[in-house]
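Encoded as structure tokens, the structure appears first; notes follow it.
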Amino acid sequence: MGGNHSHKLGAFDENQEVNFDHFQILRAIGKGSFGKVCIVQKRDTKKMYAMKYMNKQKCIERDEVRNVFRELQIMQGLEHPFLVNLWYSFQDEEDMFMVVDLLLGGDLRYHLQQNVQFTEGAVKLYICELALALEYLQGNHIIHRDIKPDNILLDEHAPEVFQVYVDGGPGYSYPVDWWSLGVTAYELLRGWRPYEIHSATPIGEILNTFKAERVHYSSTWCRGTVALLKKLLTKDPESRLSSLRDIQSVPYLADMNWDAVFEKTLIPGFVPSKGRLNCDPTFELEEMILESRPLHKKKKRLAKNRSKDGTKDSCPLNGHLQQCLETVQKEFIVFNREKLRRQQGQGGPLADTEGRAGGQAQGKLQDGHNNNILGHTCSRGCSS
């Protein structure tokens, strides 16, 4: 995919805004409803990142621009070892770009589908690492609302979270994320969820399920694992474990070195294969064969479009769409964490890392190889 986008860039200017030409496109690794993700390498530093790109016109048509802008705004203020951290954001005529930490270990859903058997020890460490991430988010007044194996990515050391919400809306508060953590841990251990509930399940049926059904815990699990899951899956939010302090008070985790968890020095129970890309290979084929506007041909395509501007061959957009595109162009949030650090003379994370082991561990400088997990979204609208 990146072979046709190998033109060389001149000497890198520290004061120049980072843009699409500063990255070499390597391969596609994922897609969403209106965005796609590829692996990129920054040409000057040679660091590897994941780059998410979203087509402006599609975002406008689906009324998602406000969500993208809010996501950018939130990610600029967050940095944590167990979150997917934002490094750069920029735009061109077609797309909005977000460059984030690259995690090549795949998501936990992928590994479940590959029939990986996660041990209690592996899941115990995951719970601790994700608890640190949730505590950090909670300290920043953020409710994730979508903790699940699909949104937890791995590198060679640990998992991190992706996709975040600013608030929970009516009826939601922080305990909902700790419930989801319990559901995720249960599914990793057993291979299925504690409740048979899907997106199309009527709310009445869901309520009846919670009232009537009891969670069945495997007889092969140790007592500590069962006790921890029961406390996370407590139906009453007031009685549920819902903070790092709550988690740290559980006897099953009394032997856990929380500073070592934060520093990622503990040996994980499961290490993804380094000899292959841990994701669906069809993303790459779709980008190369089916995509009408492939990323690796962007430079030539934009140059051709610019040459058509003002000619008889150009097809003007309708007034409303054109106005929205101009608003996006004007209000898009450009971000460069690397440049911001230089300006502030910092070597460590920009954001406070209170969501660590009781505030004792020191935050570390993260680079493009780190594993992290969060993104973000909020209300709908055509502009910010």
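When you check Arg70 against the structure, is it within 24 Å of Cys279 (Cα to Cα), of a type outside the set (A, V, I, L, M), surrounded by fewer than 23 Cβ atoms within 10 Å (Cβ to Cβ) and under 15 Å from the mean Cα position of the chain (by Cα), yes or no?
So Arg70 fails the test.
Would a scan of the range 197-214 turn up a residue that is modelled with pLDDT of 80 or more, in contact with a Phe, Trp or Tyr (Cβ under 9 Å, 6 or more places away or on another chain) and assigned to a helix (DSSP H, G or I)?
Within the range 197-214, none of the residues are modelled with pLDDT of 80 or more, in contact with a Phe, Trp or Tyr (Cβ under 9 Å, 6 or more places away or on another chain) and assigned to a helix (DSSP H, G or I).
Suppose we filter the range 16-30 for residues that are closer than 19 Å to Gln91 by Cβ and either surrounded by fewer than 17 Cβ atoms within 10 Å (Cβ to Cβ) or modelled with pLDDT under 85 (or both); how many remain?
4
Check whether at least one residue in the range 116-136 is over 23 Å from Glu263 (Cα atoms) and either surrounded by fewer than 22 Cβ atoms within 10 Å (Cβ to Cβ) or not polar (S, T, N, Q) (or both), and report yes or no.
yes
Would you mind telling me which numbered condition in (1) out of contact with any helix residue (DSSP H, G or I) (no Cβ under 8 Å at 6 or more places or on another chain); (2) at pLDDT 95 or above; (3) not hydroxyl-bearing (Ser, Thr, Tyr) Lys42 fails?
Unmet condition: (1).
Return yes when Gln73 is at pLDDT below 90 and of a type outside the set (D, E, K, R) and no when it is not.
Judged against the criteria, Gln73 is not a match.
Within the range 213-242, which residues are surrounded by fewer than 17 Cβ atoms within 10 Å (Cβ to Cβ), closer than 24 Å to Ile142 by Cβ and among the small types (Gly, Ala, Ser)?
Matches in the range 213-242: Ser239 only.
Just to be sure, is Leu266 touching a residue at least 40 places away in the same chain (Cβ under 8 Å), over 17 Å from Glu129 (Cα atoms), surrounded by fewer than 18 Cβ atoms within 10 Å (Cβ to Cβ) and within 23 Å of the chain's Cα centre (by Cα)?
no
Mind telling me which of the residues Asp236, Asp246 ends up being part of a helix (DSSP H, G or I) and closer than 19 Å to Gly182 by Cα?
Asp246
Check whether at least one residue in the range 171-189 is small (Gly, Ala, Ser), touching an Asp or Glu at 6+ places or on another chain (Cβ under 7 Å), outside the structural domain of Ile60 (by TED's automatic domain parsing) and buried (at least 19 other Cβ atoms within 10 Å of the Cβ), and report yes or no.
No, the range 171-189 has no match at all.
For the range 65-179, which strands (runs of 3 or more DSSP E) that fit wholly inside it have 3 or more residues that are in contact with a helix residue (DSSP H, G or I) (Cβ under 6 Å, 6 or more places away or on another chain)?
It comes to 86-91.
Among the residues of the range 243-253, which ones are among the hydrophobic types (A, V, I, L, M, F, W, C) and either free of Cβ contacts under 8 Å to residues at least 60 places away in the same chain or crowded, with 19+ Cβ neighbours inside 10 Å (or both)?
Listed by number, the residues that qualify are Leu244, Ile247, Val250.
The values are calculated or read from the model by the stated rules, or taken from the named source; none is laboratory data. Remember, predicted model here, so these are calculated numbers, not experimental data. Note that we place each Cβ from the backbone using ideal geometry, even for glycine, and neighbour counts take in every protein chain shown.
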